[in-house]
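Here's the structure, in structure tokens; my notes come after.
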Amino acid sequence: MTYCVGMCLKDGLVMLSDSRTSAGVDNIATFRKMTVWERPGERLLVLLSAGYLGVTQTIVNHLEAGLEPDARKLTDVPSMFHAAQLVGEAIRLVYRIHGKALEEMNAASFNVSFLLGGQIKGDEHRLFEIYAAGNFIQASDRTPFLQIGEHKYGKPILDRALGWETDLRAAAKLALVSMDSTLRSNLSVGLPLDLLVYRRDAFTPEIRRTIDGDDPYFRTIRDGWSRSLREAHQRLPDVPW
């Protein structure tokens, strides 16, 4: 399992992923689930993945190598919509190659999902959630964040506090609080984290950071959020019956 969250806000994008993967309680490993394609001054694309690692890595490898028949890559598509379409094509391609064999061997279900965020020159910054069938939805000013993986623990925080106008640095803080709530409630999500903050029209990350358990800022977030929750609970009035 994993947890990834993407935010598409007025000023840019925030993308955050964990790195834990497991094949049982005694087989835990860490793999980066964020892939970045950057062409300074022209485009930046960020792909977050959730699902069976052997499938998601194969899909990313096809995107890196280029899809036949014309070796199309994310570094060449003309718009973010075309980028989302290409990821969907890569998912369907890998399903045609491996899906039936996986199902017959009962090795794993073809249950993958992706978040694709970024900006290509001449296009707005955009964020998509792409499903196992290759279809996708887009974030909007009314729905400024999308999640994949183990999302239920982190969603209430974002529902209450995040909006289209939220400052990017404040949004990154909310993303980390959302991740911390998930880390505390689900052992299948784990450190280190990969964080990327992108400001609109910059075509290069403003922040790109790997965060482990010793990161002093993340420790401050974790401790401060827990303390604030306890204090807020104490300030609420007692039940009157």
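The values are calculated or read from the model by the stated rules, or taken from the named source; none is laboratory data. Please read all numbers here as calculations on a predicted model, not as lab measurements. All Cβ positions, glycine included, derive from the backbone under ideal geometry; neighbour counts span all protein chains shown.
Key figures for this structure:
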quantity	calculated
Those residues of the range 184-210 which are over 25 Å from residue 38 (Cα atoms) and surrounded by fewer than 21 Cβ atoms within 10 Å (Cβ to Cβ), in sequence order	184, 185, 186, 187, 188
Cβ-Cβ under 6 Å pairs, at least 6 apart or on other chains, the range 211-234 side in contact (Cβ under 8 Å) with a residue 40 or more places away in the chain and surrounded by 11 or more Cβ atoms within 10 Å (Cβ to Cβ), far side assigned to a helix (DSSP H, G or I) and hydrophobic (A, V, I, L, M, F, W, C)	221/176; 225/177
Pair list, Cβ under 7 Å, 6 or more apart: the range 74-86 residue touching a residue at least 24 places away in the same chain (Cβ under 8 Å), other residue among the basic types (Lys, Arg)	75/39; 80/126
Hits in the range 124-148 - residues which are in contact with a Lys or Arg (Cβ under 9 Å, 6 or more places away or on another chain) and either part of a loop (DSSP other than H, G, I, E, B) or not hydrophobic (A, V, I, L, M, F, W, C) (or both)	124, 125, 133, 134, 138, 139, 141, 144, 147
Residue in the range 48-60 that is over 21 Å from residue 195 (Cα atoms), touching a Leu at 6+ places or on another chain (Cβ under 7 Å) and either modelled with pLDDT of 95 or more or surrounded by fewer than 16 Cβ atoms within 10 Å (Cβ to Cβ) (or both) present	no
Answer from 177, 189 - the residue that is touching a helix residue (DSSP H, G or I) at 6+ places or on another chain (Cβ under 8 Å) and at pLDDT below 95	189
Counted residues, the range 155-173 - those being without any contact (Cβ under 8 Å) to a residue 24 or more places away in the chain, under 17 Å from the mean Cα position of the chain (by Cα) and surrounded by 14 or more Cβ atoms within 10 Å (Cβ to Cβ)	1
Where a residue in the range 120-141 is buried (at least 20 other Cβ atoms within 10 Å of the Cβ) and its partner, wherever it lies, is in a loop (DSSP other than H, G, I, E, B) and at pLDDT below 95, with Cβ under 8 Å and at least six apart	none
Neighbours by Cβ (under 9 Å, 6+ apart or cross-chain): first from the range 99-112, within 20 Å of residue 88 (Cα to Cα); second at pLDDT 80 or above and charged (D, E, K, R)	109/103; 110/103
Yes/no for residue 166 being under 23 Å from residue 140 (Cβ atoms), polar (S, T, N, Q) and modelled with pLDDT of 95 or more	yes
Matching strands (runs of 3 or more DSSP E) fully within the range 1-111 where at least 2 residues are of a type outside the set (Ser, Thr, Tyr)	3-9, 12-17, 28-30, 34-39, 43-51
Qualifying position, being closer than 15 Å to residue 6 by Cβ, under 18 Å from the mean Cα position of the chain (by Cα) and buried (at least 18 other Cβ atoms within 10 Å of the Cβ), among 44, 63, 74	44
